[in-house]
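The values are calculated or read from the model by the stated rules, or taken from the named source; none is laboratory data. Note that this is a predicted model, so its numbers are computed, not measured. Backbone-built Cβ (ideal geometry, glycine too); neighbour counts: all protein chains shown.
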Amino acid sequence: MIPPLAAGFDVGAVVTPARGGRADILLRFVCWAALASVALTLGALVLIICHEAWPAVSNPEKLWALLFAQDWAPLLDPPLLGIRHAILSTLMVTALSLALAVPLGFGIGLFVAELAPGWIRALLQPCFELLAGIPSVVYGFFGYVTLVAWFERYGDMATGESLFVASVVLAVMVLPFIASVSGEAFSAVPTTLREAAYSTGATRWHVARRVLLRAAKPGLFAAVALGLARAVGETLAVLLLAGNSTALPTSFMDRGQPLTALIATDLPEAGVGSAKYHALYAAGLVLLVLTGAINLVVWRLKGRIVSAHGGAA
């Protein structure tokens, strides 16, 4: 039985937490200090990158040459410091890896959440965690001794390294993240929606396609954003597999050099304060802006979908 309300108790009154002692004050200070340290670190990182990249992007002519006009040939006199090949390679590798990993990851997540027996679900979750924890250099080495060797022997290629091989291995790397997050998104769909759909005689495929996919869209967008961040920032695997070529790629079977590989390869050899040094920092700034812009688009789309679902409800 629910006890009666005390006499004089105002139901509509706003309940405020009691003032804590020293422990609460210390906890509040630690939380604010942690938040401030994260914000200061991020701000310092952006400021340092912008400061070092400024000489390479300080006027429209330099910016145009960096992004679109020139090739990457820092040993020429005068040096050519264009990164268009790296930007295109980054976009191609990221797009193909997500095109391969997203449908497969959604399918695995749906299987784990809806179709898999309990013992299979308990087996797959540690597998996702294990695959996500494998170092990227191991993925790169495995792809180099398998896919690169196979394409070199049977693909009629001078070398088996290509953007396609890098994309396939990168898709395997981001697959555990997408599958795990999408599985959680499908599992979070209210059971009442499933039961209401099944009560109308709908098949399991119809429920998955027309009910679960729509209800889990916000979580699925989060899975794609997580996989995207992992794919754009990967360095070692694409450095081993993409071919590290400064030529402008025209197909996925060409060799290429994504932005991360360009920075990792050339920055140790660049003299501090040189034009090449500032151009590589500009490449890092482009990578930062590119990642932020893509994630902003993804989260804006997610926000629209959430608002549409809220309005429909």
Practice task
Considering every residue within the stretch 69-88, establish whether at least one is free of Cβ contacts under 8 Å to residues at least 40 places away in the same chain, in a helix (DSSP H, G or I), of a type outside the set (Val, Ile, Thr) and outside the structural domain of residue 267 (by TED's automatic domain parsing).
Solution key: yes
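Name the residues in the stretch 248-269 that are farther than 25 Å from residue 145 by Cβ and either touching a residue at least 60 places away in the same chain (Cβ under 8 Å) or assigned to a helix (DSSP H, G or I) (or both), would you?
Of everything in the stretch 248-269, those that are farther than 25 Å from residue 145 by Cβ and either touching a residue at least 60 places away in the same chain (Cβ under 8 Å) or assigned to a helix (DSSP H, G or I) (or both) turn out to be 248, 259, 263, 266, 267, 268, 269.
Give the residue that is nearest to residue 139 (Cα to Cα), with candidates limited to residues of the stretch 192-245 that are of a type in the set (Ser, Thr, Tyr) and surrounded by 15 or more Cβ atoms within 10 Å (Cβ to Cβ).
235
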Handout entry: Residue in the stretch 210-220 that is touching a Ser or Thr at 6+ places or on another chain (Cβ under 9 Å), under 14 Å from residue 167 (Cα atoms) and touching a residue at least 40 places away in the same chain (Cβ under 8 Å) present
Key = no
Handout entry: Single residue of the stretch 185-201 satisfying the filter (of a type in the set (Gly, Ala, Ser), outside any loop (DSSP other than H, G, I, E, B) and under 18 Å from residue 220 (Cα atoms)) that is farthest from the chain's Cα centre (by Cα)
Key = 187
Problem - Residues that are within 15 Å of residue 180 (Cβ to Cβ) and surrounded by 15 or more Cβ atoms within 10 Å (Cβ to Cβ), drawn from the stretch 126-142 - result: 128, 131, 132
Handout entry: Total residues in the stretch 39-86, condition small (Gly, Ala, Ser) and surrounded by 14 or more Cβ atoms within 10 Å (Cβ to Cβ)
Key = 5
Problem - Filter result for the condition that a residue is surrounded by fewer than 16 Cβ atoms within 10 Å (Cβ to Cβ), at pLDDT 85 or above and in a helix (DSSP H, G or I), over 289, 297, 272, 306 - result: 289
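I'd like to check something: does the stretch 126-143 contain any residue that is charged (D, E, K, R), touching a helix residue (DSSP H, G or I) at 6+ places or on another chain (Cβ under 9 Å) and in contact (Cβ under 8 Å) with a residue 60 or more places away in the chain? Reasoning before the result, please.
Restricting attention to the stretch 126-143, the residues satisfying the condition of being charged (D, E, K, R) are 129.
Among the residues that remain, those that are also touching a helix residue (DSSP H, G or I) at 6+ places or on another chain (Cβ under 9 Å) are: 129.
This time we only want the ones that are in contact (Cβ under 8 Å) with a residue 60 or more places away in the chain, so: none.
No, the stretch 126-143 contains no residue that is charged (D, E, K, R), touching a helix residue (DSSP H, G or I) at 6+ places or on another chain (Cβ under 9 Å) and in contact (Cβ under 8 Å) with a residue 60 or more places away in the chain.
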Problem - Test for residue 112: is it on the phi < 0 side of the Ramachandran plot and either out of contact with any Ser or Thr (no Cβ under 7 Å at 6 or more places or on another chain) or not in a helix (DSSP H, G or I) (or both) - result: yes
Practice task
Please indicate, with yes or no, whether at least one residue in the stretch 148-158 is touching a residue at least 60 places away in the same chain (Cβ under 8 Å), charged (D, E, K, R) and either buried (at least 22 other Cβ atoms within 10 Å of the Cβ) or closer than 15 Å to residue 242 by Cβ (or both).
Solution key: no
Problem - Residues of the stretch 199-233 satisfying the condition of being touching a Leu at 6+ places or on another chain (Cβ under 6 Å) and among the charged types (D, E, K, R) - result: none
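When the residues of the stretch 159-191 are narrowed to those that are among the hydroxyl-bearing types (Ser, Thr, Tyr) and under 28 Å from residue 129 (Cβ atoms), which ends up surrounded by the fewest Cβ atoms within 10 Å (Cβ to Cβ)?
The selected residue is 191.
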Fill in the blank from the handout: Among 199, 245, 187, 162, the single one that is modelled with pLDDT of 90 or more and not charged (D, E, K, R) is 162
